[in-house]
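Student: I have a structure I would like to understand better, so I am pasting it below and will then ask my questions one at a time.
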Amino acid sequence: RLMDLREDLQLRIQERAQRLITRRLPLPPEVASWRVAFCGASVGRCWHLPWVYPQVHMVPAYTFDKGEVIERALAEAPQALILKQCAAYFPERGGAADRRVLVGWLEGVVAAGTKPILATVVPVSAHHGEAHPGRAESLWAFNDWLRELATERGWALLDLERALRHSAHDRHLRPGLDNGDGLHLRYGTYRAYMDHLLPQALLDAYEAQP
């Protein structure tokens, strides 16, 4: 019990230190007043986007099924909602049935007058992919489908895979960006590779058709 309390205190101190060194960034004037909901799991929690963009409200959801948390987020009437799935759900989830349900969630977002933003799944390292057969390939296929869906519907895309992978030919997570497990990201990865992606995604949502 004492060890748990000590670890919790260390995490709190580390998080406070990280928050102090995290630099806030401005959003473009077109979306500067927007309230943005982010529905996701570990990336949503560990990215700490509100430290950078206070307009972002994190709505944690540690399951693929995000219908309830989306409804909860929409109750706050955000101008945009980012939907993000975790690599840990694959390959068990993300198939045809899940995709149909996900489209229904997003259509509900649009019906509520909120702009949807589709976030691609963060890739896993090659080593992690070897240890979890089918995970990398299934999330790549899911991401390809998300890109096609965004194009087809005119919805904005937050392409995290593209920002973090080796290349279009090697879609694994680049070395040094994870915390050692090949799945979860380091604090510095969020700041160096991801913070700057949000303004363009919001502008794309702003310019998208209602």
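The values are calculated or read from the model by the stated rules, or taken from the named source; none is laboratory data. Computed from a predicted model, the values in this text were never measured in an experiment. Cβ atoms come from the backbone with ideal geometry, glycine included; neighbour counts cover every protein chain shown. Please note that ligands, DNA and RNA were not included when accessible areas were found on the heavy atoms of the full protein model with its side chains. Shrake-Rupley method; radii C 1.70, N 1.55, O 1.52, S 1.80 Å.
Student: Would you mind stating whether VAL121 is under 15 Å from the mean Cα position of the chain (by Cα), under 16 Å from ILE82 (Cα atoms) and either aliphatic (A, V, I, L, M) or in a loop (DSSP other than H, G, I, E, B) (or both)? Explain how you work it out, then say what you get.
Tutor: On the way: under 15 Å from the mean Cα position of the chain (by Cα): yes; under 16 Å from ILE82 (Cα atoms): yes; either aliphatic (A, V, I, L, M) or in a loop (DSSP other than H, G, I, E, B) (or both): yes.
Taking the combined requirement at face value, the residue satisfies it.
Student: Kindly indicate whether any position in the range 75-83 is modelled with pLDDT of 85 or more and more than 22 Å from LEU203 (Cβ to Cβ). Explain how you work it out, then say what you get.
Tutor: Residues of the range 75-83 modelled with pLDDT of 85 or more: 75-83.
Restricting the remaining residues to those that are more than 22 Å from LEU203 (Cβ to Cβ) gives 75.
Checked the range 75-83: at least one residue is modelled with pLDDT of 85 or more and more than 22 Å from LEU203 (Cβ to Cβ).
Student: Now, a different point. Criterion first (in contact with a Gly (Cβ under 9 Å, 6 or more places away or on another chain), at pLDDT 90 or above and open to solvent by 10 Å² or more (accessible area, probe 1.4 Å)) does GLU71 satisfy it?
Tutor: yes
Student: Out of the residues in the range 124-137 that are assigned to a helix (DSSP H, G or I) and in contact with a Pro (Cβ under 8 Å, 6 or more places away or on another chain), state the one that is least open to solvent (accessible area, probe 1.4 Å). Before the answer, list the steps.
Tutor: So the first thing to find is which residues in the range 124-137 are assigned to a helix (DSSP H, G or I), and the list is 126-131, 135-137.
Going one step further and asking which of them are in contact with a Pro (Cβ under 8 Å, 6 or more places away or on another chain), we end up with 135-137.
Numbers: ARG135: 26, ALA136: 3, GLU137: 103 Å².
Selected residue: ALA136.
Student: Scan the range 138-147 and give yes if some residue there is open to solvent by less than 60 Å² (accessible area, probe 1.4 Å) and farther than 19 Å from TYR89 by Cβ, otherwise no.
Tutor: No, the range 138-147 contains no residue that is open to solvent by less than 60 Å² (accessible area, probe 1.4 Å) and farther than 19 Å from TYR89 by Cβ.
Student: While we're here: Quick check, is ARG162 over 23 Å from LEU74 (Cα atoms) and among the basic types (Lys, Arg)? Please lay out each step first, then the result.
Tutor: Values: over 23 Å from LEU74 (Cα atoms): yes; among the basic types (Lys, Arg): yes.
When the stated conditions are applied, ARG162 passes them.
Student: Under the condition of being outside any strand (DSSP E or B) and within 11 Å of ALA112 (Cα to Cα), which residue from the range 77-99 is least open to solvent (accessible area, probe 1.4 Å)?
Tutor: Here is the first cut: in the range 77-99, the ones outside any strand (DSSP E or B) are 77-79, 85-99.
Okay, now just the ones that are also within 11 Å of ALA112 (Cα to Cα), so 77-79.
Details: ALA77: 66, PRO78: 6, GLN79: 70 Å².
Taking the candidates together, the pick is PRO78.
Student: Moving to a separate point now. Consider the range 40-76. How many of its residues are among the β-branched types (Val, Ile, Thr) and in contact (Cβ under 8 Å) with a residue 60 or more places away in the chain? It would help to see each step written out before you state the result.
Tutor: Filtering the range 40-76 down to residues among the β-branched types (Val, Ile, Thr) leaves 43, 52, 56, 59, 63, 69-70.
Add one more test, that the residue is in contact (Cβ under 8 Å) with a residue 60 or more places away in the chain, and what stays is 43, 52, 56.
Going through the range 40-76 one residue at a time, the tally reaches 3.
Student: Within the range 167-195, which residues are outside any loop (DSSP other than H, G, I, E, B), open to solvent by 40 Å² or more (accessible area, probe 1.4 Å) and over 9 Å from TRP47 (Cα atoms)? Outline the logic, then answer.
Tutor: Filtering the range 167-195 down to residues outside any loop (DSSP other than H, G, I, E, B) leaves 173, 178, 185, 187-194.
So of that shortlist, the ones also open to solvent by 40 Å² or more (accessible area, probe 1.4 Å) come out as 187, 191-193.
Correct list: ALA192, TYR193.
Student: Scan the range 196-210 residue by residue and report those that are open to solvent by 40 Å² or more (accessible area, probe 1.4 Å) and in a loop (DSSP other than H, G, I, E, B).
Tutor: Matches in the range 196-210: HIS196, GLN209, PRO210.
Student: ARG162: among the charged types (D, E, K, R) and under 15 Å from VAL122 (Cβ atoms), yes or no?
Tutor: On the way: among the charged types (D, E, K, R): yes; under 15 Å from VAL122 (Cβ atoms): yes.
When the stated conditions are applied, ARG162 passes them.
Student: Write out, first by first residue and then by second, each pair whose Cβ atoms fall under 6 Å of each other, whose residues are 6+ apart or on separate chains, and whose first residue, in the range 78-103, is closer than 15 Å to THR120 by Cα while the second is assigned to a strand (DSSP E or B) and open to solvent by 40 Å² or more (accessible area, probe 1.4 Å).
Tutor: none
Student: While we're on this one: Please go through the range 150-166 and give me each residue that is open to solvent by 10 Å² or more (accessible area, probe 1.4 Å), touching a Lys or Arg at 6+ places or on another chain (Cβ under 8 Å) and among the aliphatic types (A, V, I, L, M), ordered by number.
Tutor: If the condition is that a residue be open to solvent by 10 Å² or more (accessible area, probe 1.4 Å), touching a Lys or Arg at 6+ places or on another chain (Cβ under 8 Å) and among the aliphatic types (A, V, I, L, M), then LEU157 is the only one that fits.
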